[in-house]
1. Kindly provide the set of residues from the stretch 31-56 that are in contact (Cβ under 8 Å) with a residue 12 or more places away in the chain, surrounded by fewer than 22 Cβ atoms within 10 Å (Cβ to Cβ) and within 30 Å of residue 125 (Cβ to Cβ), ordered by number.
2. With the checklist (1) part of a helix (DSSP H, G or I); (2) modelled with pLDDT of 95 or more in hand, flag the one item residue 8 doesn't pass.
3. Can you confirm whether residue 72 is modelled with pLDDT of 95 or more and in a helix (DSSP H, G or I)?
4. Just to be sure I understand, how many residues within the stretch 94-110 are touching a helix residue (DSSP H, G or I) at 6+ places or on another chain (Cβ under 8 Å) and either part of a helix (DSSP H, G or I) or surrounded by 15 or more Cβ atoms within 10 Å (Cβ to Cβ) (or both)?
5. In the stretch 26-37, which residues are farther than 18 Å from residue 104 by Cα and in a helix (DSSP H, G or I)?
6. Kindly indicate whether any position in the stretch 120-133 is surrounded by fewer than 17 Cβ atoms within 10 Å (Cβ to Cβ), at pLDDT below 95 and over 27 Å from residue 65 (Cβ atoms).
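The values are calculated or read from the model by the stated rules, or taken from the named source; none is laboratory data. Just so you know, these numbers come straight off a predicted model, no measurement behind them. Note that we place each Cβ from the backbone using ideal geometry, even for glycine, and neighbour counts take in every protein chain shown.
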């Protein structure tokens, strides 16, 4: 039966690392890469997106995943912008006319990706339960 460890059942220090430190570290790396290479910047963004989707699997449903994804995405986007400003390089990718909006956008995208992962995990658990009942 499909049964990953739920995020809420993990020890608090691990929750802090998975829900806060990891998105901040990946966002910081993206902030550095933003001034170095557009391809590398997009690659780390794709890695972050995959992480947001997979992170949703650690929740009972899409709603729990959405909460985690929103905050993880906001942390990712904020750390990206802060580190890029600290490094002081010229961005190889446009940040738009109002760069702080990127943190809002990454929060929304993170929320949608994690909610999708949480919803898919719920469907898998329900299917597994239905199969075990039929046996």
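1. 45, 47, 49, 51, 53, 54
2. Going through (1) part of a helix (DSSP H, G or I); (2) modelled with pLDDT of 95 or more one by one, residue 8 breaks only (2).
3. yes
4. The qualifying residues number 10.
5. 29, 32, 33
6. no
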